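Heads up, the thing below is written out as structure tokens.
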Amino acid sequence: MGKSRFHWMCFPLSRLTSSFRRCPLSKRTLIIASICAVYLVFVVSQVGYSQQHRDRQTERDKYRHTRGLDHLDVSDAAAETGASFALPTRSNVVYITLKSKRLKPSNIRGTIRPKLRTKVRRNKPANPAFTQNKLGTLERDAGRSKRNVASKTSPRESRDIDYKSLDVIPKSHADAHADSRISSIRIYSQRAPPWFSSQDVRAMRFLADAKVLLIKKVSRGDSPPLLIFEGETSVSVSQQKHAARVDSVCGGQCGVISSPVDTTEVFAFHLDRVLGLNRTLPAVSRTFSLLHDGQPCPVVSWDASLYPGGLAAGRSTVRLTWGEYQSSLKQRCWHKNISPKPDSGCSTVHHYEWSKLALFDFLLQIHNRLDQSCCGFRPRREDVCLELGHHADCGNQNHIQLTNIIHRGHDPRHLVFTNNKGFFDRNEDNLDFQLLEGIKELPEQAVSVLRSRRLREKLLQSLFLDQTYWESQGGRQGIDKLIDVLERRAKVLLTYINAHGIKVVTMNV
Ligand SMILES: *[C@@H]1O[C@H](CO)[C@@H](O)[C@H](O)[C@H]1NC(C)=O
């Protein structure tokens, strides 16, 4: 039975082979060749399919990782329907080389270099016309779009605080990127650079991407008005606290919008984190269609703890004259947790905070804290200190007040670096060395980054995250120029450290 079946199966095969053998050689070769070709096509198509399948899988996984960093979008619908469509402008691997020539030209939309020098002039309290103008436009626009413009005065705050809620954005297509799936915070690998905490990443994502629920202009006496936006958060905190929102500045999560000329705020945030100082508030660049003609503005995380007594009471400021500051440096206040004697003249601030501040302010040449009167360098005619006549005070320097020295109400030992108005256009022969006066130690972590010659690499990696900022500075070329300035100042600082025998110490307090 088995034998006959075997015969039955073999019969056509043996017929075929015998007829095959009878064929001429050329015909036989042709048949073999075509069988091979058919087989090859089959194999290739199989491999290709599985490869494609695998590619799509990794693409999807990568997408999950990038989006999943904030743990919000892991179950994103877009991820399920093929991620290759979700991230059309980005590849998954980005190399930042240290030679700018090797980088392909990026698609830069606005490559105008910011006029850094005009910065302070246009933003100072004495000349608020710029901001006022824009706010006027904003209000008119808001009115025209027939949205509710409500002016509320909080009963809890003093009368010179005036809230103006400008309900301008909801459900319009104006701020398109709030709705788009692509974050303007570019993170390609699974992790952000290690100098950012997960809080930082969350804050940057919020500031850059959160849907704007409302924009408020808060006037406070003779201080320049604050422009605050409240964004939609993943948790509907704003709904829970809706009643509270009327009274407080920010019910949910908010950002403070600065003028477009204050772009160093964003650079300062990245530099602070790269150097491991952790004293600035998260800041990103963002455009608002109805503000400042849609130019990128720096937005900084709103931190209510800077105003422990409410907005009217102002920020929690450390009051010191230059003379008191210099003598407090000699006291090494709060060093090794030793409480200062009552007559020591110490402030609440820990000794090491001044070292961090001096290093940071020197690199960015920020003089609005330690040298408001521009005593340590030759100011230009258009500098605010000359316009306001502060420079004349330099003869009696010990009595000059330090300004903008901020700490949190619940954390008086540590400083918070805000209003970081740096200057990139000050030459090496005109640096403000007064910012370093009285400083005998500098933070080891920051100095080691400067010494490692990896400052450029780290800053590039860091600043690349903020696409809006990156492009507003002219892309890679513009950013490189800013870092050139920083590198030269770092070199000057390292020389200063050697020449003055500055100690480099660990400052983990
Ligand atoms: C950085 O500072 C913030 C605010 O003071 C704090 O919550 C956070 O823990 C700090 N991070 C590090 C790494 O020290």
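What follows draws every value from the coordinates through simple rules; no lab data is involved. These numbers come from a predicted model, not from an experiment. Cβ placement follows ideal geometry from the backbone for every residue including glycine, while neighbour counts extend to all protein chains displayed.
Observations
- In this structure, the amide hydrogen of Gln253, modeled 1.01 Å from its nitrogen in the peptide plane, lies closer than 5 angstrom to those of Gly231, counting only residues at least 5 positions away or on a different chain.
- If the convex hull is drawn through the Cα atoms of the stretch 407-462, its volume per residue in Å³: 165
- Estimated at 0.36 nm per residue, the fully extended path between Ser223 and Ala37 surpasses their Cα-Cα distance by 58.8 nm.
- Here, P(r) means the percent of Cα pairs in each 5 Å bin from 0 to the largest distance; for the stretch 244-342 it is 2, 10, 13, 14, 17, 18, 11, 8, 4, 2, 1.
- The stretch 344-412 and the stretch 268-283: distance between their alpha carbon centers, rounded to Å: 19
- The local environment of Gln401, defined by Cβ-Cβ distances under 13 Å, has a net charge of -1 under the rule Lys, Arg +1 and Asp, Glu -1.
- Packing here is the average count of other Cβ atoms within 10 Å per residue, and on that basis the peptides 437-450, 262-275, highest first, run 262-275, 437-450.
- As a size descriptor, the averaged projected area of the C-alpha convex hull of the stretch 258-407 was calculated at 11.2 nm².
- Across the cross-link table entries Lys216/Lys458; Lys341/Lys458; Lys341/Lys503; Lys216/Lys336, which are compared at the Cα atoms, the separations over 32 Å belong to Lys216/Lys458; Lys341/Lys458; Lys216/Lys336.
- Evaluated at q = 0.09, 0.10, 0.18 Å⁻¹: base-10 log I(q)/I(0), Debye formula over Cα of the stretch 322-505: -0.36, -0.45, -1.34
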